[in-house]
Each structure stands twice: as C-alpha cells, then as structure tokens.
1. Need one number for chain B: average projected area of the convex hull over its C-alpha atoms, nm².
2. Quote the FRET efficiency, to the nearest 0.05, computed for B:Ala164 versus B:Val252 with a Förster distance R0 of 35 Å and r equal to the Cβ-Cβ distance.
3. Just A:Val117, A:Val245, A:Val20 to compare: in a GNM of chain A, with alpha carbon springs under 10 Å, which one fluctuates most?
4. Helix B:6-29 against the longest principal axis of chain B: what's the angle in degrees, Cα atoms only, rounded to the nearest 10?
5. Which stretch or stretches of segment A:222-236 have amide N atoms under 13 Å from the point lying 7 Å from A:Leu292's Cα along the Cα→Cβ direction?
6. Quick one: compute the contact order of segment B:47-256, relative version, from alpha carbon pairs under 8 angstrom and 6+ residues apart, as a percent.
7. Hey, with R₀ at 35 Å, roughly what FRET efficiency would A:Glu52 and A:Leu16 work out to, going by the Cβ-Cβ distance, to 0.05?
8. So for B:Arg56, A:Arg139, fewest C-beta neighbours within 10 Å to most, what's the order?
Amino acid sequence: MTKGCGLPSNKPTAPLFLLVPVILLYSLLIGGGLLKLIIESSGFIPALGLQEVSLSHYLKILAEPTFLASLGYSLYLAFVSASLSTFLGLLIAYKMVFSKKDSIKKLTRKILQVGVVLPYLLVVFLVMLMLSKAGLVSRIAYQAGLIGGLDQFPNLLYDPWGGGIILTFVAKGTPFIGLFAVTVMANISDTYSQVAKTLGLSNFMILKKIILPLSSNAIVWSSAIIFAYNLGSFEVPYLLGNVKVVSLSSRLYSLYISPQIDTIPTAMAMSLTLLLVGLISVCIYGLLLNRLLKGKSR
Amino acid sequence: MKKILPGALIGLLIGLVLIPLLLIMLLSFFSYYKYPQVLPTAFSLANWQQLLTQNRLFWTGLINSLVIATATAIGATIVGLMTGRALTRYRFRGQQLLLLLLSLPLFIPSIALFIGVHLMMIQLALINTYLGVILAQMIISIPYATTISMAFFAGIPRDIEDLARTLGCSNKKLFFKVMAPLLLPGILLSLSICFVLSFSEYFSVFLVGGGRIITVSMVMFPFLSNSDYGNGAAISLVFLGVNLAVFIGADVLIRKKVKGRPYLYE
C-alpha cells in the first residue's frame with residue numbers, strides 16, 4: 001500500500017541480499033508450484049507413467065456441468081459476501097469517522113479488532129450455535145411462540161443459497177475492511193472535512209465526493225483480499241455447505257486427495273483453472289469496486 | 001436519508017459479537033442444553049476436564065500451534081523487515097513489479113495456491129515437517145509483514161541515518177542502536193499479526209502437515225463437523241484466549257513501553 005516514501009538512494013541497485021529470502025521463498029514455492037501445476041495438468045507426470053501431453057484434462061473439466069456449477073457457486077459466494085462486507089465495513093467506518101463521541105470510536109475499533117482476530121473456525125462454530133435448527137435463534141423463536149418446534153425453523157445453514165457460509169464470510173470480512181477503511185478515512189476526513197463543511201456539504205456528500213474517492217485504493221485492496229480469500233476457502237463451505245451444490249474448493253480437495261492416479265492431472269487442471277479464474281475475477285471485482293467508489297459508474 | 005442512531009449500530013455490533021461469545025462461555029461450563037431452553041443449565045467441568053486431561057491430541061495441538069505460530073511470526077517479520085528496507089530505501093529495476101508480486105499470495109484462491117505449494121513441498125521433502133508448515137504459513141504472512149515494515153521504514157527520516165553514518169556508525173550499530181528502537185512498534189505489530197494469522201490457519205497446515213502435524217484448528221475441526229458443542233465451546237475459548245492475549249499483549253507493549261502511537265491493527 002505504502003509506496004517508498006523515503007528519499008531514493010543514489011545507488012542504482014538494492015543490495016540483493018535484502019531481497020534474497022523473499023525472492024527465494026516466492027519463486028521456489030509459489031513459482032515452482034505454479035510450474036508444477038502447469039506441467040502436471042498437461043498430463044506429463046513421468047513418475048506415475050503418464051507422459052502424454054495434451055489439453056484434454058482442461059477440456060474434460062470445462063465440459064463437466066458439475067464443475068461449472070461449483071465454479072459458479074464459489075464465485076457467487078465470494079462476490080455476495082465480499083460486497084456485503086464492503087458495504088457494512090464502509091457503513092461502520094462512515095458512522096465512526098463522523099461520530100462526535102470518542103468513546104464510541106474507541107469501542108467500535110475494539111469490536112472490529114476482536115472480529116479480525118477471531119479464527120474462521122470459531123466464527124463457523126458461532127454461526128452454527130446461533131442459526132442451526134436447534135440454535136439460539138430457533139430456541140428464542142420457540143419461546144416467543146413464533147415456531148412450534150425446531151422442524152419449523154428455516155434451514156438457514158445448509159441451504160442451497162449458502163446462508164451460513166455467507167454469514168461467516170461477512171462476519172470475518174466486515175471488520176477487516178472496516179478497520180482499513182476507518183484508518184484511511186479518518187486521515188482524509190481530518191484534512192478535508194472542515195473545508196467541505198464550511199462550503200456547506202453534508203456528511204453524505206463529503207463521503208461520496210471526497211472520502212470514498214480518496215480512500216478507494218485501501219478499500220479496494222482490502223476488499224479484493226476478502227473476495228479472493230472467500231473464493232479459495234476450504235473449511236467454511238465444507239462445514240456449512242449444502243450437499244447438493246458443492247463449492248469448487250471442496251470438489252477440488254476431494255479430487256486432489258483421491259488415490260486414483262488418472263485423476264491427478266484433472267485435479268491439477270482444476271487448480272490452475274481456479275487460480276486463473278480467481279486472479280481474473282479479483283481484478284474485475286477490484287476494477288468495478290474502484291469505479292463505484294470513485295463515482296465514475298455513470 | 002434519516003440519521004441512523006450511531007448507538008443503535010454499536011448496540012447491534014456488540015450484540016452480534018458478544019452474545020455468541022457469551023453463549024460459548026456458558027456452553028463450556030454447563031452440560032445440559034436440550035432444545036427449547038435458551039441457556040444451558042447444570043454446571044459442570046466435564047467439558048474442560050475432557051479437553052484438558054483426556055484428549056491426547058489437545059496438548060500436542062496447542063504446543064504445535066504455539067511453536068509454529070511463533071516461528072512463522074519471527075520468520076515473516078525478519079523477511080518483511082529486509083524486504084521493506086530494500087523497497088523503501090533503494091530504487092532498482094523491477095521494483096514496481098516486486099511490489100505487485102508481493103501481495104500476489106493474498107489474491108490467489110488459497111486452495112489453488114497451497115496445492116501448488118504442496119507439490120513443491122513434496123519435491124523438496126518438506127511435506128509433513130514443521131519447516132514445511134512454517135514456510136507455507138510465512139507465504140501468507142510476508143505480505144502483511146512487508147506492508148507494515150515499509151510503513152515504518154518510510155516514517156524514519158533519512159537524515160537520522162545519514163547523521164549516524166557521518167558520526168562513524170557501522171551498519172550493525174546503525175540497525176540495532178538507531179533503527180531498531182524506532183521500528184520496535186512496527187516489529188511488535190508485525191509479530192502479533194503474523195502470529196494470529198498462523199495460529200488461526202487450518203487448511204494449509206492440514207495439507208502441508210499431511211495430518212501428521214496436529215494444531216489447535218485440527219483438534220477443533222471434528223468437534224464442528226460432529227456438532228460436539230461442549231468440547232467445541234471449550235476449545236474455542238482456548239483458541240480465542242491465545243489470540244486475544246497476543247493481540248492485547250502487543251497493544252499494551254506498543255502503548256506503554258514504546259510510547260508510540262497505538263498502531264495496532266490500524
């Protein structure tokens with residue numbers, strides 16, 4: 001986020017040794033992994049006696065309706081929950097930045113920080129406790145006479161729309177984006193709001209015309225991270241998902257650990273497809289959000 | 001747009017965070033929770049006793065998690081400091097590209113990223129080892145560690161460094177006597193964030209550790225898939241307790257000892 005603000009050195013090259021660890025780690029594990037994915041997805045795994053190089057594994061998964069359904073489902077989950085998290089995160093940040101009370105600002109920040117340090121697994125557990133058929137909400141509804149038993153409570157967790165999954169992602173994404181947004185928005189607000197207020201702009205207009213466009217980089221960065229995380233998350237859709245529509249991560253995992261040798265290239269092709277679709281959709285998501293925040297949508 | 005009371009929003013937030021946490025606490029100490037009752041009854045230490053004394057995996061998992069998260073935090077922070085220093089102080093070819101590539105692990109769907117990493121780990125014989133798990137975790141932590149260290153390096157005026165050098169300060173002294181104290185809040189922040197990230201992680205440890213390296217997440221997972229609320233509640237509190245202790249501990253250290261601005265998680 002922060003670009004090099006220090007004065008540039010006269011020396012044209014950085015001491016390479018400072019960059020050795022990061023370059024080594026990234027190129028070996030990420031770059032090497034990517035290379036292996038490309039090679040093995042083409043069907044070339046001599047150690048397993050597979051030598052035929054072709055694109056057939058890609059064609060096979062792309063022709064499979066269940067793969068496309070899973071991909072669509074995963075993209076849907078990531079998009080809906082990242083958008084909701086961004087909206088809520090910005091709403092909280094907006095309320096905080098324009099709040100007069102320091103105590104409220106401090107308290108909100110503390111709550112957001114707790115939200116950030118909660119592990120995903122713990123949030124999955126909380127969502128189960130609250131919203132399952134025998135969860136707290138169902139119990140309260142029963143006591144209030146709204147439902148006659150746990151069978152009448154709607155199936156919020158394992159429904160095909162992924163209510164529980166989205167709720168978990170939103171619960172984790174909102175504080176992350178909210179904290180980023182609060183920090184950049186507070187800095188901008190200090191500088192410009194007084195001027196804007198004297199010119200008679202309302203808080204909402206200050207947000208729309210000044211704060212959001214100027215803080216868009218940080219918001220897009222944090223929101224895109226959440227989008228990508230949701231897209232690749234394994235445990236959340238696995239624990240809270242429906243059996244009929246399987247997320248791509250669950251499908252990919254079961255294929256990857258399958259003991260059958262001939263499914264390996266398919267699993268590699270699926271990984272690489274998810275990686276590429278992921279990167280492309282993160283870019284599209286980021287660009288759209290950036291346009292929206294800068295108010296250039298029309 | 002009508003003014004929404006900020007109080008109502010705060011109340012909602014508190015409710016959403018505190019009520020479920022309170023329920024977890026009660027569930028870990030009370031054993032009877034039949035359907036229509038809203039709160040559990042029958043006080044009992046059975047859940048805690050089972051987790052702390054009968055579950056053989058719990059202590060292994062906790063110690064493994066602590067060791068792995070500490071090592072990841074230290075490793076990622078050191079790499080982050082080195083990378084941050086290079087990116088803020090020097091100009092070199094490919095700098096913008098490196099800056100872009102640094103955050104790449106955060107923008108790749110993690111399951112695809114870690115399947116690739118897993119393949120390399122098999123090649124390097126790092127699968128099922130602590131080192132492999134720690135390196136895999138560092139990949140996710142380094143982008144955050146570097147961003148933090150860049151922000152802190154950028155905040156140290158070049159003049160301070162030049163002055164120290166003019167006075168005959170060696171490289172080693174420059175770092176430990178001049179830079180380190182100024183960077184300390186950033187180092188603590190980076191350590192705590194990377195620790196929490198690693199301690200909370202499930203999938204990458206599960207994949208690279210091959211089920212041999214058990215962490216708290218892995219002990220907790222079956223409680224969730226089997227809806228074992230009592231044990232799940234107890235281990236949740238341990239999980240949350242460690243994360244909060246690290247988070248609050250770092251925050252206090254930054255505020256009190258360093259007298260810096262409260263940078264934590266801002």
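1. On the way: hull surface 83.2 nm².
Average of the hull's projected areas for chain B equals 20.8 nm².
2. Numbers: r = 30 Å, r/R0 = 0.86.
Given R0 = 35 Å and the Cβ-Cβ separation, E is 0.70.
3. So, out of A:Val117, A:Val245, A:Val20, the one fluctuating most is A:Val20.
4. Relative to chain B, helix B:6-29 is tipped by roughly 60 degrees.
5. Label zone hits: A:223-224, A:227.
6. On the way: 216 pairs, mean separation 75.2, N = 210.
About 36 percent, as a whole number.
7. The computed FRET efficiency comes out at 0.25.
8. B:Arg56, A:Arg139
Only the coordinates and a few stated rules stand behind these numbers; no lab work does. Worth saying up front: this structure is predicted, and the values here are computed from it rather than measured. We place every Cβ from the backbone using ideal geometry, glycine too, and count neighbours over all the protein chains shown.
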